[in-house]
Structures are given as C-alpha cells and as structure tokens.
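K.L.:
Here it is, the structure, as structure tokens.
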Amino acid sequence: MDAIWIANLLNILTSIAVLAVVAVGLYIIFGLMQVINMAHGDMVMLGAYSTLVFTQAGFNFWTSAVLATLIVGIIGGLLERGVVQFLYKSGNLSTMLATWGVGIALQQTVKLIFGPQGQFVDAPVLKMVNIFGVSYPSYRLILLVLCVLVLTGVFIILKKTRAGLLVRATMDNRVMAEAMGINTKQVYLYGFIGGSALAGFAGALISPITNISPLMGLDYVTKSFLVVISGGVESMMSTVGGSVIIAGLQNFLNIYIDSTNSWMIVLAIVIIVIWIRPQGVFTKK
Amino acid sequence: MSNNDRVVLSTHDLRKAFGGLVVANGINFSVKHHEVRCIIGPNGAGKTTFFNMLSGLLPLDSGEVRIEDVNVTHMPAYRRQKLGLNRTFQAPHIFPEMSVFENVLLAYRSRFRETSLLTKLKVKLEEKDAVEQALLNTHIQQYSGREAGSLSHGEKKRVEMAMGIVQRPKVLLMDEPTAGMTVRETQEIAELIKEIRKDMAIVIVEHDMEFVREIADKITVLYRGDLVREGSLEELENDSFIQEIYLGSVEI
Amino acid sequence: MMNQRNKKWSVLVVPVLLIILSFLLPDYQLDLIATAIIYGLFAASVDFSYGYAGILNLGSALYFGLGAYVMAFGLKSGGDPILLILIGLIVSIVISLIIGYVGFRVKASQVHFGLIGLALTLGFEQLAISLYDLTGGSNGISDVPRPVFHLFGFDLALSSPFSYFIFVIVIVSVLLYVLWNIASSGFGKSLLAMRHDETKLETLGYNPMTLKMIVTAITAGVSALAGALFVPISGIAYPGLFGVALSMSVLIWVQLGGTGTLVGPLLVAVLLKLTESSLSSSFEQTYMLIIGLIFVVMVIVAPSGVWGLLRRFIRKRKQGQSPVQEGGESA
C-alpha cells in the first residue's frame, strides 16, 4: 500500500473514533431518555477548555484530561438535575430548547472568559512513529487507541455489568423497568453523567490537535445527531456504525474534494439513508 | 338480487399474525345492507384487530377486504371512508380541544368529495342542520357548544357515534359502544342503532349479551383468530362449543 | 364573537400605528424595526407548522435562507423584485413539497423528521459556501441594492428606509392576516385535530399526508417571503442564514411566544431582535448569556410560553371569582 494511503487511513480511523466516542455519549442520553441534548457538543468544548486550563495551571496533560473528563461528567449531572429533569414530561421540543439555551449560556461564558479566538494545547508527545514505513504523529495514534479502548470499555459496561443492564432495561421500557423496581431517575442521572463525560473525554483528547474555540461544539452536536439517527439507537454498535458512515465518508471524500463539498455529500447520503431506513442502518428490525 | 341482500362489506381469507401469534386465521366475513351484526368472542379473540384491518389501520398479511364491489385491501383508511366506511373506537377518539359541534362538523365536512359548485353550496348550506340532527339522534344536542374533552366517558362515546352517523356511511363499525355506559345510556344506544340501521349496515363488537340480544340480526364468534361460528343468538346459546369457549368466562 | 372581531380589528390597528410611528423615527431605527418584524413573520410561519399541525422542523431556516439568497442574487444582477420574490417562493415551496413527500411518507417520529430538516439546511449552508460564483462563498452576497418595483408601468422605488418600512408593514400584515384566517378556518381545525389524533382524523376521511404537505408548503412560502424581505435592509445574504442557530432561534421564539397563537411568536421575535440590536456590541456576549439562561428558565417555568402563562394566570383569577369546575368529570 502507498505510504500516503496509510496516513490517510489512520486519519480516517482517528476521526471515526473521536466522533464515535462523542456520539456514543449522545446515544446514551438520547437513547435512554429521548432527550435531544443540544448542549452535548458544548460538553466536548468544555472538555477541551478544561484541559487547557489544567495544563496551563501546570498539570501534566494526561492528568488534565482525566480531570477534564470528570468535570464535564459533573457538569452533565448538574445539567440533568438542574434543567432536564423538570422537562421529561414536557416533550422533545422543550428539552431541546432548554439544552440549547444552556449551550448558548456555556458558549458565552467561555467566550467572556477566554475570548472568541482559538486556543491551543500542546500535545503531550511530539514524536513521530513509524508504521508500515509511514511516519505518523504518535499522539494521534495514542488518541486512536485510547478511543477504541474507551469504546470497548463502555460496550463491556453496557453489556456485561449490572449497571449496564439497568441502563439497557430503562432504555428498552421505562415503565417496565420502574415496575421491576429500578430507580429510573437515578439511571437517568448516571446516564447523563456518563454521556457527558464521554463527550468531555473526547474534547480533552482532541484539544492538542484542534483549534479550541467557544463554538467548536456545534459541529460535534450536529454530527452526533446525524450519527445516532442514521445508525439507529438499537445498540451501541449501531451508533459506532453511524460514526463510520459519517466521519469515515467525510474524511475519505476530503482526500479528493474540499471539505465543504464532502460534508454536503455526506448530508445528502444521510438524508437518503434516513429516508430508506428511518430506524437506522444498523438495526435488525 | 334485492337491495337488502346486497353485501356491503366482506373479507376473503383474511390472515394476520404478530410473530407467532395468529390474530386472523383466514377469516371470511360478510355483512349485508341494513344488517346489524354483532361480533363476540373472549378477550384476545382478535376482534379489535379485525376492526383495524377492516378500517385500514393495520395491513393484512394476506387476504382481501371489499367494500361493496371495490377491493380496498391496499387502500389507506381515508380512502375507505370515502367508499362508505366509518368506525368508532373502544376508548372514545374525539378531539378534546374542540367543541362537540366542531367535532361533528369536522366529520361531516369530509363526507363529500364535491364535484360541482352547486352541490358544494348545498352541502355547505345543509351542514348546520345535518350536524344538529346527528347531535339530536345521539342525545347530545345540549352539549353542542361544550368542549368535547370536558364531557363524561359515555357522552364522549356518543360524540364519536354522532361523528360516525353524520357521515352516513354504508357500514358503521362500532367497537364496544356500551362499554362503560350506564343501563339507561345502553338502552338509548340500542334505540339509536335501531333508528340508524335504516340507512346503513352496522357491525358491533360487544360484550353485553342483553344488548346483543336486543339489536343483533346475526352474531359472529371469533376465537383465537378463527371465525368459529355464525348464527342467531338462540342457535349459538345451544352450541356446546360456544359454551365451552366461554366456560368460566365472566363475559356471558 | 365580539372577541374575534376585536382581534380582526387589531390586525389593522397595529400596522396603522406603526406607519404613523414611522414618520417620527430616524431611518436606521426604521430598518431595525422592519428587520425585527420580518423575523416575526418568519416565527409566525414556523408556528403555523408546529403550533397547528405539530410538524417539528429543526431546519426551518432553509426556506428563509432560500428566499434571501434568491432575492440577493437577483437584485444584485438587476432582476425584477416581484419576479424574484415569486421565484424564491416557488423554489421554497417545491423543495418543501419534496422534503414533505419524502419525510412524511417515512413512518418516522417527529424527531426524525426534524433532524432530516436539520441535515438539509446544513447541506444548503455548505452549498452556499461552495458555489462561490453564485453565492459569494462564505462572505455571502453583499451590497445588495434596495428594490425598484415595476407595477403596471409605474416604477415604485423602495430605496428609502421609510418607503421600504411601509412596504414591509403592509406585506407582513397581509400575510399574517391570511395565515390567521387559514388557521381559524375549517382547514385549521382539521390541523388541530391531526395534531391531537391523526388516526381518528384519517378514519374520518382526511388524508393526513395532504394536510401536512399543504401546511409545509404554506410555511415554506411565507418563510421564503420573510427571507426575501430581509435582504434589501440587511444588504446581504450569507451562509449563516441557513444555519442551525437561526433554526433554533425561531423555534425558541415560537415556544416562548406560545405555540398555535401566531401573534405570540411574532411578538417575542420582534422584542428579542429589537433588544439584541439596540445593545452595544460589547455587551452582546453578556446579553446572549442572559438570553440563554432566560430560555432555560422560561422553558421550565412556562412550558406553554408567555402567552400560556398569561392565559393560565387569567383563568386562575376567573376561577377564583366563580368556582366553576372545568373538565372535572372527564375520565
């Protein structure tokens, strides 16, 4: 294989993995509670800014990333307790608008503190690594591996542990789960914390390779929704599949055409996909 | 063929299963003009599912539904209505934010697919009378201006009936019209059915056997997706199989 | 009945007052008010879909943007404004019908349909950026002149903010009146019925698909008109007009103003836009922050909008005077 192709392939895989982490976070929130959390992208943004703050305060990058993940998880929990929990009965539009409002407030707060301009975090490792004869930034490789590990971890938690069982039971049928004695309120809270923490984690990891700005979350929230909708909410794997479609296709097309056109093609494909399979591509139904 | 022998609604080998659960196992069913037919059967016999298939809310696995001579198997519900089918639901389906009058008017207005301006005008001029007549027939004229959502269960059911009869369908399907009704209300509905059968065939899913005895020309028994018997109440009452189905059941 | 007639009158009174007011205000303020009212019209048109028929579109900005771009491109190349408005209108309606045909046929949830709309408007945003020769790329089409109408041999130049203001007031009043009449007609009733119980309405012989298509087309048309009206004042059409932000804002106006009221969303849009534009840009971030928080609080406290809150308040007072129980006996 051509050297440039290996680099391209790795880039595509990295972007799929990052989007998958964010989208799985949204999958937990959207699939579990049917909440359209428009502030989900801002959790990515907060993850990146938290990492920035901690590294500037002198913490090591990895410690900062872990702290950022925890903080965003807590913010997610606060969002559920402070806003979303009052709106489960008021329907989709209400939660969507309220979380959009939260998103605006978060963006503006960050803008007031850090200014609108882009910020950067230094990558913890700057070395290049040689894979199949291609020199590739080792940080990106670590990022890819970490994302895959986290996704595997989430998959195992959802599939194999009791906590995961509770979450899946509540996703499946809330009333039934309640009848079986599951405290669904608590499940929702933990779902929100977990989902937000995943977004925060992704934000922390991408902070060295992206331009950190108050509005960076918008792109992630829209893409995550498209992922969840086109992949389906049947299982976590359908969300990962959706990420492959969206991030994979876009970054693949980016090699040949400019990013505006590739994004447009992806959107067109998503619309067709939703049309043909409204329940999602990766569902058995 | 005399007018009264005209078949207005029929099914041929109607089949439907949800996974392994067979809810219609080759049902052949037909109703004649002016007929009042009651469908009985224990819970889970597939009565409401049968209605849903007749009215176009649930697709069939196979088989055929006809309104008069027209094959409506693949027609959506609104087109079946245009051919003369109307139904009520077990739990009353009405529009609670609108007044009773507006509910019935909404039903009246979709009755016609007007072709000429003249008939359009005529329909428009008659709409108030027609709606009021339907309210009168169902004894809810005094609630005409009330918000439909504020009525009692029995009154809501009658609003839905008024919505049905104002359309003057060829066949009216009624899903448990007397459920949750008082004795007096049930009697009034029996009178109503006797009145409106002059204009249409009526198919009723019913549990109240006294009511069935009073109004039914013929009874169809559904059991686990099969049409097991058809006949008069007397015939069925002496049928050992029917007694067996209902043995221990509180419904008869 | 009296109340209805009053409402009909107020449709006339408000524009007349505004026109009188227009003699007293400086040009730049007229432009600000006209822009706010145009956004108000946009909000009312979206409310017509969501508030009456329950159709949730997360990408309503699509039609606004289309109307704006057609107008901007056309005015800049010297096209006839009436023709341009019509083209924008027709393009939007055709696209809305295609989307509707695709989207409503799918047995998808409200959320799905909403997200299809979102994907589409994002797609058009990218399209506007990439078709550089037509749309000016990410800078948009700027320096758009004000329109000159050619009507029955007369040239009607709306080159001053004053004349354009009056034009906007007239058009918006007429459209609002039309929307309001449709909404309170038998057709409007069938929409309310559909939102409540689509199945029952279908068994009554109404085709829900047709109803939805008509509603979507009307909303698309009016939104496109609003977009077309917007351009001569702003002098620019830019990709952000297709963006998520505008689509979300308009839903917020609808929700805060009260769904299914038309006037409520319009008023909220006008108020918010006026406040926004009268604040200095240095205060803008704090303002946005506060607005964000207000949205959150409002959605929680008043799920049916300011209008609903007011109505509930009035009803409570009335109930306090005469203890009539409403809806008490329903099961």
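K.L.:
Taking the condition of being without any contact (Cβ under 8 Å) to a residue 40 or more places away in the chain and out of contact with any strand residue (DSSP E or B) (no Cβ under 9 Å at 6 or more places or on another chain), how many residues in segment B:190-229 meet it?
P.N.:
7
K.L.:
For residues that are at the interface with chain C (Cβ under 10 Å from one of its Cβ atoms), in contact with a Ser or Thr (Cβ under 6 Å, 6 or more places away or on another chain) and crowded, with 23+ Cβ neighbours inside 10 Å, tally how many sit in segment A:229-273.
P.N.:
1
K.L.:
Can you list residue pairs whose Cβ atoms sit under 7 Å apart, with the first residue in segment C:70-94 being in contact (Cβ under 8 Å) with a residue 12 or more places away in the chain and crowded, with 22+ Cβ neighbours inside 10 Å and the second being of a type in the set (S, T, N, Q) and part of a helix (DSSP H, G or I)? Count only pairs 6 or more apart in sequence or on different chains.
P.N.:
Qualifying pairs under 7 Å: C:Ser92/C:Ser223.
K.L.:
Follow-up. Looking only at segment A:13-50, which residues are at pLDDT 95 or above and more than 14 Å from the chain's Cα centre (by Cα)?
P.N.:
Within segment A:13-50, A:Tyr49, A:Ser50 meet the criteria.
K.L.:
Moving on to the next point. Which ones in segment C:27-52 are of a type in the set (S, T, N, Q) and crowded, with 24+ Cβ neighbours inside 10 Å?
P.N.:
C:Ser45, C:Ser49
K.L.:
Among the listed residues B:Val104, B:Val123, B:Val65, B:Val72, identify the single one that is among the β-branched types (Val, Ile, Thr) and farther than 15 Å from C:Gly205 by Cβ.
P.N.:
The unique qualifying residue is B:Val65.
K.L.:
Against the condition assigned to a strand (DSSP E or B), within 13 Å of the chain's Cα centre (by Cα) and aliphatic (A, V, I, L, M), how does B:Val22 come out, does it pass?
P.N.:
no
K.L.:
Can you run down the residue pairs with Cβ atoms below 7 Å, 6 or more apart or on separate chains, where the first is in segment A:90-106 and facing chain C (nearest Cβ under 8 Å) and over 16 Å from C:Ser249 (Cβ atoms) and the partner is of a type in the set (S, T, N, Q) and assigned to a helix (DSSP H, G or I)?
P.N.:
Taking only residues 6 or more apart or on different chains, the pairs are A:Asn92/C:Gln110.
K.L.:
Give the number of residues within segment A:128-172 that are touching a strand residue (DSSP E or B) at 6+ places or on another chain (Cβ under 8 Å) and exposed (fewer than 15 other Cβ atoms within 10 Å of the Cβ).
P.N.:
4
K.L.:
Continuing with the same structure: Looking at segment B:54-81 only, could you name the residues that are surrounded by fewer than 17 Cβ atoms within 10 Å (Cβ to Cβ) and not in a loop (DSSP other than H, G, I, E, B)?
P.N.:
Passing the criteria: B:Ser62, B:Glu64, B:Val70, B:Asn71.
K.L.:
Here's something else I'd like to know. Part of a helix (DSSP H, G or I), closer than 30 Å to A:Ile4 by Cβ and of a type in the set (Ser, Thr, Tyr): is that true of A:Tyr139 in this structure?
P.N.:
Yes.
K.L.:
Here are some conditions: (1) touching a Ser or Thr at 6+ places or on another chain (Cβ under 7 Å); (2) farther than 23 Å from C:Phe113 by Cα; (3) assigned to a helix (DSSP H, G or I). A:Ile182 meets all but one. Which one does it not meet?
P.N.:
Failing condition for A:Ile182: (3).
K.L.:
Consider only pairs whose beta carbons are under 9 Å apart and that are at least six residues apart or on different chains; among these, list those whose first residue lies in segment C:177-196 and is away from chain B (no Cβ under 14 Å) and in contact (Cβ under 8 Å) with a residue 60 or more places away in the chain and whose second residue is buried (at least 16 other Cβ atoms within 10 Å of the Cβ) and in a loop (DSSP other than H, G, I, E, B).
P.N.:
So the pair list comes out as C:Leu179/C:Leu262; C:Trp180/C:Leu262.
K.L.:
Is at least one residue of segment B:155-163 over 15 Å from the mean Cα position of the chain (by Cα) and over 22 Å from C:Leu192 (Cβ atoms)?
P.N.:
Within segment B:155-163, not a single residue is over 15 Å from the mean Cα position of the chain (by Cα) and over 22 Å from C:Leu192 (Cβ atoms).
K.L.:
In segment A:56-87, how many are in a loop (DSSP other than H, G, I, E, B) and within 23 Å of C:Asn57 (Cβ to Cβ)?
P.N.:
Number of matching residues: 0.
K.L.:
Quick check on segment C:46-55. Is at least one of its residues assigned to a helix (DSSP H, G or I), under 20 Å from C:Ile171 (Cα atoms), of a type in the set (D, E, K, R) and at pLDDT 85 or above?
P.N.:
Yes, some residue in segment C:46-55 is assigned to a helix (DSSP H, G or I), under 20 Å from C:Ile171 (Cα atoms), of a type in the set (D, E, K, R) and at pLDDT 85 or above.
K.L.:
From the list C:Gly123, C:Gly59, pick out the single residue that is in contact (Cβ under 8 Å) with a residue 12 or more places away in the chain and either among the aromatic types (Phe, Trp, Tyr) or within 12 Å of chain A (Cβ to nearest Cβ) (or both).
P.N.:
C:Gly59
K.L.:
May I ask you to list the residues in segment C:126-151 that are within 10 Å of chain A (Cβ to nearest Cβ), surrounded by fewer than 18 Cβ atoms within 10 Å (Cβ to Cβ) and closer than 19 Å to C:Ala61 by Cβ?
P.N.:
Correct list: C:Leu131, C:Gly137, C:Ser138.
K.L.:
Do you know which residues across segment A:67-86 are of a type in the set (A, V, I, L, M, F, W, C) and without any contact (Cβ under 8 Å) to a residue 24 or more places away in the chain?
P.N.:
Of everything in segment A:67-86, those that are of a type in the set (A, V, I, L, M, F, W, C) and without any contact (Cβ under 8 Å) to a residue 24 or more places away in the chain turn out to be A:Leu67, A:Leu78, A:Val83, A:Phe86.
K.L.:
A further question follows. Quick one: what pairs do we get from segment B:63-79, first residue more than 14 Å from chain C (Cβ to nearest Cβ) and of a type in the set (A, V, I, L, M, F, W, C), second surrounded by 17 or more Cβ atoms within 10 Å (Cβ to Cβ) and assigned to a strand (DSSP E or B), C-beta under 6 Å, 6+ apart or different chains?
P.N.:
Here the result reads B:Val65/B:Thr11, each pair linking segment B:63-79 to a residue that is surrounded by 17 or more Cβ atoms within 10 Å (Cβ to Cβ) and assigned to a strand (DSSP E or B).
K.L.:
Inside segment C:264-287, can you point out the residues that are among the β-branched types (Val, Ile, Thr) and buried (at least 20 other Cβ atoms within 10 Å of the Cβ)?
P.N.:
C:Val268, C:Val270
K.L.:
Additional query: Does B:Leu105 qualify as being within 8 Å of another protein chain (Cβ to nearest Cβ) and either at positive phi or without any contact (Cβ under 8 Å) to a residue 60 or more places away in the chain (or both)?
P.N.:
Answer is yes for this residue.
The values are calculated or read from the model by the stated rules, or taken from the named source; none is laboratory data. Being a predicted model, the structure only gives us computed values, none of them experimental. Neighbour counts are summed over all protein chains in view; Cβ atoms, including those assigned to glycine, are modelled from backbone coordinates with ideal geometry.
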